[in-house]
Structure formats: C-alpha cells, structure tokens
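Asker: First, the structure itself, so that you have it in front of you.
Bear in mind these aren't lab numbers, they're just calculated from the coordinates by the rules spelled out. From a predicted model like this one, the values you see are computed outputs, not experimental measurements. When we count neighbours, we look across all protein chains shown, and the Cβ atoms used for this are built from the backbone with ideal geometry, even at glycine.
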Amino acid sequence: MLEKGTTAPDFQLNATPDQKIKLSDFKGKNVILAFYPADWSPVCGDQMALYNEMLKYFSKHDAQMIGISVDSAWCHNAFQQDRKLHFPLLADFEPKGEVSKAYGVYDDEVGESKRALYVIDQEGKIAWSYLSPTAVNPGADGILNALEELEKK
Amino acid sequence: MSTLKPEVSSSDHIEGSDAASITIVEFGDYQCPHCAHAYPIIKEIEQAFGDQIRFVFRHFPLQESHEFAFPAALAAEAAAMQGKFWEMHDALFENQYRLSDDLFEELAETIGLDVEQFQKAILEDAVKQKVEDDFESGVRSGVNGTPSFYVNETKFDGGPDELFEMLKESAE
C-alpha cells in the first residue's frame, strides 16, 4: 500500500455510465477512498450500506466518501439504487483494476480489489490507510480517528 | 481491536446484575433479521449464565436499509421513559415480521404503557438524541454491521451463536 505522506495518484473513473470523476476534483476537501471486492454482498449493513448511514459524520470533517470496485458503472448504478447509496461508487473496470493496482490493493488471484481504506488530505496526500482482511468489514472508527487527526494539524 | 466507546454507564439499558463479571453489549436494529435471530439466543445466554452476565442494548438503526428501524428505536426509548424499555425491546423483536407504523401503539398498549404519554415521548428530542447517541457510539466503537457484540468492552468478531460457544468454553 502507499505510504503516509505520499501524493495520492490521481485517477479518473466512471461514476455513472456517462459521468467520470477525478480524484483531483476534490482538492481542498478530505477524501475517503474505500476499495472493496464487489457490489451485492449478501448481508445487512454491508460495508457500503454502513458508510451510507454514516455520511453525516464524514461531512462534519469535510470529507467525501468514494467507493471503488472493479464492477462496471451499470452494476454500480443498480447497486446504488437498490441500497439508496448517497455517495459515488467508481468503476475500476477498464483497464480492469488499474487504480486499485496503483494504490497497491488489487488481488490478482480473484481479480477484485482488496478491502482497503485510504484517507487523503486536502492537499491530496495520503494521511492514513488500512488493509482489512477481505472477509472483515472494517467499520468506520479508523476513518473517523484519521479525520480527527487531520483537524488537529 | 476495536473497543466500546463510551463505556457502559447509567444512561444505558442494562439487564442483569451489576456484579456480573461479563458485560455483553449488542448494537442492534429492530428491523434487522440477523438481530431478530440473535434475540432468542441472547435470552438463552442470559438464562444459562444468570448473574454472571449483564446485557446492554444500544441502538444502531440502519435507516436507509430499514424504514422502520429508527421509529422502532424511538418506540423502545419512549417506553423506557415509563420504565418499560425491555418489554418494548422484546415485543419489537417478537413482532418484527409485522413491523409497521401502527404496530408501535398496539405494542405500547399490550405492554401496559400509558399510550398518550408514549405517543408524546416518541416526538421528544431527548428520545431521538438517545438513539442518535447510541448510533454515534457504534460508529466510534467500530460497529461493522448488525448485530455487533462487545464482550467486556472489546469487539467480538462473530455472531450470537459464536458468542454463546465462546462463553460456554470460557466457563468450562
């Protein structure tokens, strides 16, 4: 994974079939990148649904939540509508996993992103990162602690 | 390892003896099927371990996934104002299959609440604040789905069945 203090690699990915989002669009804001294996996990309150419920805690720290997986923009679209998600899901779809690889969180064996979190500060530098075992949803306490640390600076 | 924040205090709903050596905290949602599955297992755990265990419930309603989760949590807190949190808590899980806007008043009557007072309490800011404080405590404590359990303030990675197993083993 990328070291704390390094500049987060910029990227541009589809958020919807006809809209692209660039990391650098969010300069001046904190950004949370949540890489995850796949849409449609079969549990209540899966990782994305959980973050969806917590958006107001992130926005208190002027932080934008962004989910990234290798699912296509159409798949994200359906998932987002079904779960009523209020933050963008980006499709690391073509070339597959390119951004996940740039962030050191691609699992070659299964062809999916690992479950990994990055908090990027307002200058676009990595402030915090965490790699979770794929089967374990990491929750949000680490993210909030990292955002609070940033505010102390 | 995630730990419980803030610690269990008198503002919590606590079932069991203060002298218990094990405190189990559940973060749950009255509309979550996994929490309804956990409900009778927790009762079994309480029966099996008696005074050794105390059980605390904090609200973690997933409002976007479950439309009745937040109102149900309010109903439990409103019942608490009349000293009947656990009666409402039990009734909500036992009737989860028919959760609806009309159910809360019916349950309030069934468990013997003053229904008029109950309806007023549901709208009170303090009641809403309690549910939101519980949710925030869950976010802080690393809750990653419902139900999430904490044993003596440390997050337990597993469901209610694993929790029961672990307790049985540690009692041996």
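Asker: Could you tally the net charge around B:F149, taking each other residue with its Cβ under 12 Å from the Cβ of B:F149, Lys/Arg +1 and Asp/Glu -1?
Answerer: -3
Asker: Looking only at other chains, what is the average number of their beta-carbon atoms within 10 angstrom of each beta-carbon in B:140-150?
Answerer: Details: counts 6, 2, 7, 7, 12, 10, 4, 2, 3, 0, 0.
If you average over the peptide's residues, the count of other-chain Cβ atoms is 5.
Asker: Using the number of other C-beta atoms within 10 angstrom as an exposure proxy, rank A:V119, A:V136 with the fewest first.
Answerer: With the sparsest Cβ surroundings first, the list reads A:V136, A:V119.
Asker: Sticking with this one: Do the sum for the protein assembly as shown: with -39,500 (n - 2.57) for every DSSP H run of n ≥ 4, divided by all residues, what is the mean residue ellipticity at 222 nm, to the nearest 500 deg cm²/dmol?
Answerer: Details: 12 runs with 123 residues, N = 325.
That calculation yields -11000 deg cm²/dmol at 222 nm.
Asker: Could you line up B:Y30, A:Y130 from fewest to most neighbouring Cβ atoms inside 10 Å?
Answerer: Fewest-to-most ranking of B:Y30, A:Y130: A:Y130, B:Y30.
Asker: Here's another thing I want to ask about it. Take peptides B:128-140, B:99-111 and line them up by average Cβ neighbours within 10 Å, highest first, as a rough protection proxy.
Answerer: B:128-140, B:99-111
Asker: Can you pull the mean other chain C-beta count within 10 Å for peptide B:98-104?
Answerer: Whole-number average of other-chain Cβ neighbours for B:98-104 is 0.
Asker: Just the number, please: percent antiparallel of the DSSP beta bridges in region A:12-152, rounded to the nearest 5.
Answerer: 70 percent
Asker: Here is a follow-up. What per residue convex hull volume, in Å³, comes out for chain B when only alpha-carbon positions are used?
Answerer: Taking the convex hull of the Cα positions in chain B, it is 108 Å³ per residue.
Asker: Given axes a ≥ b ≥ c from the Cα gyration tensor, I'd like to know whether chain A is rounded (a/c under 1.5), prolate (a/b larger than b/c) or oblate.
Answerer: Values: a/c = 1.36, a/b = 1.24, b/c = 1.10.
Because its axes are fairly even, with a/c under 1.5, chain A counts as rounded.
Asker: Let me ask something else about it. Quick check: convex hull over the Cα atoms of region A:1-50, volume per residue in Å³, rounded to an integer?
Answerer: Cα-based convex hull of region A:1-50, divided per residue, equals 124 Å³.
Asker: Could I ask something else about it? Per residue of B:63-75, count partner chain C-beta atoms within 10 Å of its C-beta, then hand back the mean as an integer.
Answerer: Numbers: counts 3, 10, 9, 2, 0, 0, 2, 0, 0, 0, 0, 0, 0.
For peptide B:63-75, the averaged partner shielding equals 2.
Asker: If packing is taken as the average number of other Cβ atoms within 10 Å across a peptide's residues, how do A:98-110, B:6-18 rank, most packed first?
Answerer: Numbers: A:98-110: 16.4, B:6-18: 13.2.
Ranking, from highest mean packing down: A:98-110, B:6-18.
Asker: Between 0 and 90 degrees, rounded to the nearest ten: what's the tilt of helix B:69-80 against the longest Cα principal axis of chain B?
Answerer: 90 degrees
Asker: Next question. In this model, which of A:K20/A:K114; A:K101/B:K130; B:K120/B:K168; A:K29/A:K84; A:K114/B:K43; A:K114/A:K153 are farther than 32 Å apart at the alpha-carbon?
Answerer: Numbers: A:K20/A:K114 22 Å; A:K101/B:K130 43 Å; B:K120/B:K168 43 Å; A:K29/A:K84 24 Å; A:K114/B:K43 37 Å; A:K114/A:K153 30 Å.
The pairs that break the limit, which is 32 Å between Cα atoms, are A:K101/B:K130; B:K120/B:K168; A:K114/B:K43.
Asker: Moving on. Expressed as a whole percent, how much of the Cα-Cα distance distribution for the protein assembly as shown exceeds 36 Å? Please list the in-between numbers first.
Answerer: Numbers: 13260 of 52650 pairs.
Percentage above 36 Å: 25.
Asker: Of the DSSP beta bridges with both residues in the protein assembly as shown, give the percent that are antiparallel, rounding to the nearest 5.
Answerer: Within the protein assembly as shown, antiparallel bridges account for around 65 percent of the total.
Asker: Please express the Cα-Cα pair-distance distribution P(r) of region A:27-78 as a list of whole percents, one per 5 Å bin, running from 0 to the bin with the greatest distance.
Answerer: For region A:27-78, the binned pair fractions read 5, 18, 26, 24, 16, 10, 1, 0 percent.
Asker: Please list, in chain and number order, the residues 5+ apart from A:Y106 or on another chain whose amide H is under 5 Å from its amide H, with Hs placed from the backbone.
Answerer: Result for A:Y106 returns A:K114.
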